[in-house]
Amino acid sequence: MKSKAGLMCVSFFAFIVLYPALFILIGSLMGEEELASNLAGILDKSVDDYVSWSLIPKECSIESYRQIMLFEPGFFVLFWNTVKICIGVIIGQLLIAVPAAWGFAMYDFPLKKVLFMLYIIFMMLPFQVLMLPEYLVLSRLGLLDTLWSVILPGAFSTFPVFIIYNFFKGIPEEEVEAARLDGAGEFRIFFSIGIPAGRSGIAAAMILQFLEYWNIVEQPMIFIDSEEKLPLSLYLPNMNLENAGIAFAAAFLSLIPSVLIFRLGQESLESGITATTIKR
Amino acid sequence: MRNNRSGYLFILLSLAGVSVFLMLPYLDILLKSFSTGNEGVSIGLDNFKQILQNEAFRIATKNTVRFIAVCIPLLLILSLAISIYIYENPKLGSMVKTSFLIPMAIPVTSVVLMWRFLFDDNGILNGILCSLGFNTVSWMNGSAAFWILVGSYIWKNLGYNIILWLAALATIDPQVQSAAKLDGASGFQRLFRITLPSVKNGTFIVVVLAILNSFKVFREAYLVAGDYPHDSIYLTQHLFNNWFRELELNKLAAGAVLDSVILIILILVLQKCWKKGGTKL
């Protein structure tokens, strides 16, 4: 009895948790007329009615997707902006954060504890705390109003260092010492022991950062002015609901890569998250 | 652990960037917070006095603190309860985990689109309330907005925290659990004597990441309600953005420094509380 109630509870939660994705999909498959009549309460303030919604569309139609392909070239420009930001940040972090995490995890050097504590603090600070001086730095570098204004600071974020650090910490010291006795150099050890052992931690950090930058709002909002350089996350919410079908289709198209990458990397993500809590 | 300087080589590039984009900016903002006038004419605490008397700063700080104070315990308890349930019913396992994790991958844009239909004055929820004969609620323009934000935060972060707790739970020796069961320890006794003490170690990280993620609800709040949302969800991030746009740079600097000091104290206290935690240096 107790476990039945528990199961009900968990399934109820699971439904709530999954519903928004379903909602977007359903909306994107509704025909224009059905959407218009469903949403009359919001679109036309003179109509005194509420939004009505059904679990499945009366008639499935891919009209909204056709329209976005044909009439919304802007969507794809912004979609690519988001993709470029994500790829740029991730490549940067792979080159910068992975070695840094290794340095913190494997060596003792003066000021290490202080520096790592600073990294944790900078990881926690909301963007707005440093937005003013960061704006000045980017302006001096001539990067304002370019995608680089988001990518470059993003490449140096300390969050992935922290996540990957916890992973490298799990590598047994004897293994590293043995390699040293065999005469392997420090960089050799990093590439032949560190990277393979830390693979899923690195993957987890990169997936988390992909999800972060796929949804980036704060930085482009301040650093980017030109509309054609904005990422998708700033454009979609401002879409006119007159074209609700297009808005739904756009939202679903931006959901696909995100969910896909998440599912592909879920296992590493889980083991990566896991490594952050377990002391080994 | 080798005590040598090749460590510096590995962190060099990262440290350079962190200096340019984080450390120097922080020193800059620290300096600005103590100086008044555009050219830093005089040094003093004027900016701090000014913002402490500022109504908007008080509201925004109160909301941000309230949000963290409500969300973090709620998230920790809810996710711990669900993960203990999953831990004790391993058959459910991966499917449940996946469905709780999916919200992490749902872009903020999709969430916001749904909000606009769900919580509009003529939206779906009010339609349901109306058809059941209740009074409708002005969701986004009332104190309900705060709780919508709380719900959205829990929704997004539940899965992540469940994974964190499950990892900690997995370290419990199953024999200890079954021995306690044989000795007639009740579910609650086992929870407080065995389960909770053994997940304690991971708590520092869990809390730190939960606070970190709590700042991200600004996205939903901003994308749905813009620069000036209802008072109950006017967060420090809204305020700082508005100060930035209005060129109230002295106030912005003082506010930023004050907030960061609170945050740093919080991190240090948390770390002290869980000295034996996962990120032992």
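The values are calculated or read from the model by the stated rules, or taken from the named source; none is laboratory data. As the structure is a prediction and not an experimental result, all values here were calculated from the model. Neighbour counts are summed over all protein chains in view; Cβ atoms, including those assigned to glycine, are modelled from backbone coordinates with ideal geometry. Accessible surface areas use protein heavy atoms only, side chains included; no ligands, DNA or RNA. Shrake-Rupley method; radii C 1.70, N 1.55, O 1.52, S 1.80 Å.
Report ³J(HN,Hα) in whole Hz for each residue of the range A:72-78, in order, from the Karplus equation J = 6.51 cos²θ - 1.76 cosθ + 1.60 where θ = phi - 60°; Gly and Pro get x.
10, x, x, 3, 6, 4, 6
At what distance in nm do the modelled label points of B:Tyr228 and B:Lys200 sit from each other, each positioned 7 Å from its Cα along Cα→Cβ?
5.0 nm
Label the range B:199-275 by shape, choosing from rounded, prolate and oblate, from the square roots a ≥ b ≥ c of the eigenvalues of the Cα gyration tensor; if a/c is under 1.5 it is rounded, and otherwise prolate applies when a/b is larger than b/c, oblate when it is not.
oblate
How far is the Cα center of the range B:176-239 from the Cα center of the range A:183-210, in Å?
Each part reduced to its Cα centre gives a spacing of 29 Å.
Need one number: the % of Cα-Cα pairs in chain B sitting beyond the 27 Å mark. Numbers along the way, then the final one.
Details: 22229 of 39340 pairs.
Every Cα pair in chain B considered, those over 27 Å come to 57 percent.
Around B:Phe218, with a cut-off of 12 angstrom between Cβ atoms, what is the net charge of the other residues, counting Lys and Arg +1 and Asp and Glu -1?
-1
Taking 20 °C and 1.002 mPa s as the conditions, I'd like the Stokes-Einstein D for the protein assembly as shown in µm²/s, using the Kirkwood hydrodynamic radius from alpha carbon pairs.
Once the numbers are plugged in, D ends up at 85 µm²/s.
What are the ³J(HN,Hα) couplings of the range B:224-229, residue after residue, when phi is run through the Karplus curve with 6.51, -1.76, 1.60 and θ = phi - 60°? Round to Hz, x for glycine and proline.
Going residue by residue, I get 8, 10, x, 5, 10, x Hz, with x marking Gly and Pro.
Just to check I understand the Karplus step: with θ = phi - 60° and J = 6.51 cos²θ - 1.76 cosθ + 1.60, what whole-Hz values come out for the range B:77-91, glycine and proline as x?
After applying 6.51 cos²θ - 1.76 cosθ + 1.60, I find 5, 4, 5, 5, 4, 5, 6, 5, 4, 5, 4, 8, 10, x, 4 Hz.
Show me A:119-130, A:183-194, B:244-255 ranked by packing, highest mean number of other Cβ atoms within 10 Å first.
A:119-130, B:244-255, A:183-194
Of the options B:Trp147, B:Leu52, B:Ala81, report the single residue whose Cα projects farthest towards the positive end of the charge dipole of the range B:48-202 (beta-carbon charges: Lys, Arg +1; Asp, Glu -1).
B:Leu52
Share of the range A:2-61's accessible area from carbon and sulfur, percent, 1.4 Å?
Answer for the range A:2-61: carbon and sulfur cover 68 percent of the accessible area.
Rounding to the nearest 20 debye, state how big the charge dipole of the protein assembly as shown is about its Cα centre with +1 on each Lys and Arg Cβ and -1 on each Asp and Glu Cβ.
Dipole magnitude for the protein assembly as shown comes out near 2420 debye.
Please give the average number of partner chain Cβ atoms lying within 10 Å of the Cβ of each residue in B:211-222, rounded to a whole number.
Averaged over the peptide's residues, the number is 4.
Which chymotrypsin sites (Phe, Trp or Tyr not before Pro) in the range B:127-207 pass both tests, a DSSP loop state and at most 13 other beta-carbon atoms within 10 Å?
Listed in order of number, the matching sites are B:Phe134.
Compute, for B:Leu258, the solvent-accessible surface of its heavy atoms (probe 1.4 Å) with the complete set of protein chains present, and express it in square angstrom to the nearest 10.
50 Å²
Return the loop-located trypsin sites (Lys or Arg not before Pro) in the range A:16-73 (DSSP other than H, G, I, E, B) with at most 12 other Cβ atoms within 10 Å of their own Cβ; answer none if there are none.
Those satisfying the criteria are A:Lys45, A:Lys58.
Which entries in A:Lys84/B:Lys62; B:Lys156/B:Lys200; A:Lys112/B:Lys200; A:Lys113/B:Lys49; A:Lys169/B:Lys91 show an alpha-carbon gap greater than 28 Å?
Violating the 28 Å limit, Cα to Cα: A:Lys84/B:Lys62; A:Lys113/B:Lys49; A:Lys169/B:Lys91.
Sequence gap at least 6, Cα distance under 8 Å: using those rules, report the relative contact order of chain A to the nearest whole percent.
The value is 28 percent.
On C-alpha positions alone, give me the angle between the axis of helix A:159-168 and the longest principal axis of chain A, in degrees, nearest 10.
Relative to chain A, helix A:159-168 is tipped by roughly 50 degrees.
Inside 10 Å of the C-beta atoms of A:164-174, what's the mean count of C-beta atoms belonging to other chains?
The mean count of partner-chain Cβ atoms within 10 Å per residue comes to 1.
What are the extents of the Cα atoms of chain A along their three principal axes, in Å, largest first?
77, 64, 32
So which residues of the range A:218-253 lose at least 50 Å² of accessible area, probe 1.4 Å, when you go from the chain by itself to every protein chain present?
Relative to the lone chain, where solvent access is computed with a 1.4 Å probe, the range A:218-253 loses at least 50 Å² at A:Glu218, A:Met221, A:Pro237, A:Leu241.
Have a look at B:Leu92, B:Leu12, B:Leu212 and tell me which one the Gaussian network model of chain B (Cα, springs below 10 Å) gives the largest fluctuation.
Of the options given, B:Leu12 has the highest mean-square fluctuation.
Cβ under 14 Å from B:Thr195's Cβ, B:Thr195 left aside: what net charge do those residues give with Lys, Arg +1 and Asp, Glu -1?
Its environment carries a net charge of +2.
How shielded is B:94-101 by partner chains, expressed as the average number of their Cβ atoms within 10 Å of its Cβ atoms?
Per residue, the number of nearby Cβ atoms from other chains is 5 on average.
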